[in-house]
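To start, the structure itself, in structure tokens.
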Amino acid sequence: MCRLFGLHAGSRPVHATFWLLDAPDSLAQQSRREPDGAGIGTFDDDGGARVSKRLLAAWEDHAFAREARQLASTTFLAHVRYASTGAHTLVNTHPFEQDGRLFAHNGAFHGLDRLDGRLMDLGVAGLVQGQTDSERLFALITAEIRRAGGDVAEGITRAVEWVAAELPVLALNIIVTTATDLWALRYPATHPLYILERDPAAEPAPAAPLDARSPRIHSRSTELSVARSVLFATEPMTHNPGWRPLAAGELVHVGPDLAVTCTYPFPDQPAHPLTLADLDPSAAASQTS
């Protein structure tokens, strides 16, 4: 299952170190399916999106993902890909950038020919450079944001409503970021997605650096030892008891001041739900823990 990690650090850039693979090199680890790609997106001082990603096609590429990467940004978006659709190529590796926004997805859905037709009708088919369902979904979101006059939440809602009504869906967990805002969606309840509103001042222990770690993504920031932040992840990445799972259909917005707003604009289930049994064996394997 793909791993998502989003971090909003507020209105001022902070420095953070990332490791996109943090798993030990062991026979037990190597016996499992290896990830197909990894990437991280940030924003520079002018709000421009920056993406660093690598196709993990060979062991030497895994070394790239394991080395420390020191970055500065107000928002961060990291993704480790297990391919369900599309070739194992760099162009299919997350995060994706469109209209100055970054996007990553965990899940799968069918009906790509129909979605391609929808993108053609909306005039955004040219945004899709690869073969993934994820990049197509992002293009649909981008088209709907444009039609909504730049309202990102409305664009996400319209796009996901269309997919949920028209296409067979397993999961549409997504994170969208700009330099100032972050949106996260869990839909439906197929895959988990967690949020942590972190406030070091409210923690009883002495201030400690942010140290968010999972077997696949690790982030550390000394600056966030004394500053609030909001984290999203496929699994809880610290021992903080404040992690909570997003509800199915919950769309979360985090603003520049770290204010968190939650809405529930979607039906409990898509009109045409998929199960793992509906996927081919490779795609099904990519959707398991």
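The values are calculated or read from the model by the stated rules, or taken from the named source; none is laboratory data. What you are looking at is a predicted structure, and each value in this text was computed from that prediction instead of being measured. All Cβ positions, even for glycine, are placed from backbone atoms using ideal geometry, and neighbour counts span all protein chains on display. These accessible areas exclude ligands, DNA and RNA; they are computed on the full protein's heavy atoms, side chains included. Shrake-Rupley method; radii C 1.70, N 1.55, O 1.52, S 1.80 Å.
Table for the structure above
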quantity	calculated
Of all residues making up region 220-238, the number that are free of Cβ contacts under 8 Å to residues at least 40 places away in the same chain and open to solvent by 50 Å² or more (accessible area, probe 1.4 Å)	1
Scan of region 193-221 for residues that are at pLDDT 95 or above and part of a loop (DSSP other than H, G, I, E, B), ordered by number	Leu193
Condition broken by Ala248, with the remaining ones in (1) of a type in the set (Gly, Ala, Ser); (2) open to solvent by less than 30 Å² (accessible area, probe 1.4 Å); (3) assigned to a loop (DSSP other than H, G, I, E, B) satisfied	(2)
Residue ID - surrounded by the fewest Cβ atoms within 10 Å (Cβ to Cβ), chosen from residues in region 137-157 that are without any contact (Cβ under 8 Å) to a residue 40 or more places away in the chain and within 12 Å of Asp99 (Cβ to Cβ)	Gly150
Test: Leu167 is under 16 Å from the mean Cα position of the chain (by Cα) and in contact (Cβ under 8 Å) with a residue 24 or more places away in the chain	no
Selection count where residues are open to solvent by less than 40 Å² (accessible area, probe 1.4 Å) and either aliphatic (A, V, I, L, M) or at pLDDT below 95 (or both), scope region 158-190	16
Test set (1) closer than 26 Å to Pro256 by Cα; (2) surrounded by fewer than 21 Cβ atoms within 10 Å (Cβ to Cβ); (3) touching a helix residue (DSSP H, G or I) at 6+ places or on another chain (Cβ under 6 Å) - Gly130 fails condition number	(1)
Any chance Gly100 is touching a residue at least 40 places away in the same chain (Cβ under 8 Å), at positive phi and in contact with a Pro (Cβ under 9 Å, 6 or more places away or on another chain)	no
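Per-residue answers, yes or no, for (1) open to solvent by 70 Å² or more (accessible area, probe 1.4 Å); (2) modelled with pLDDT of 95 or more:
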residue	(1), (2)
Trp243	no, yes
Val252	no, yes
Leu258	no, yes
Asp268	yes, no
Pro273	yes, no
Ala277	yes, no
Asp280	yes, no
Gln287	no, no
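Condition check ((1) out of contact with any strand residue (DSSP E or B) (no Cβ under 9 Å at 6 or more places or on another chain); (2) under 28 Å from Leu274 (Cα atoms); (3) of a type outside the set (A, V, I, L, M)) across all residues:
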site	(1), (2), (3)
Val160	no, yes, no
Leu167	no, yes, no
Ala171	no, yes, no
Pro192	no, yes, yes
Thr238	no, no, yes
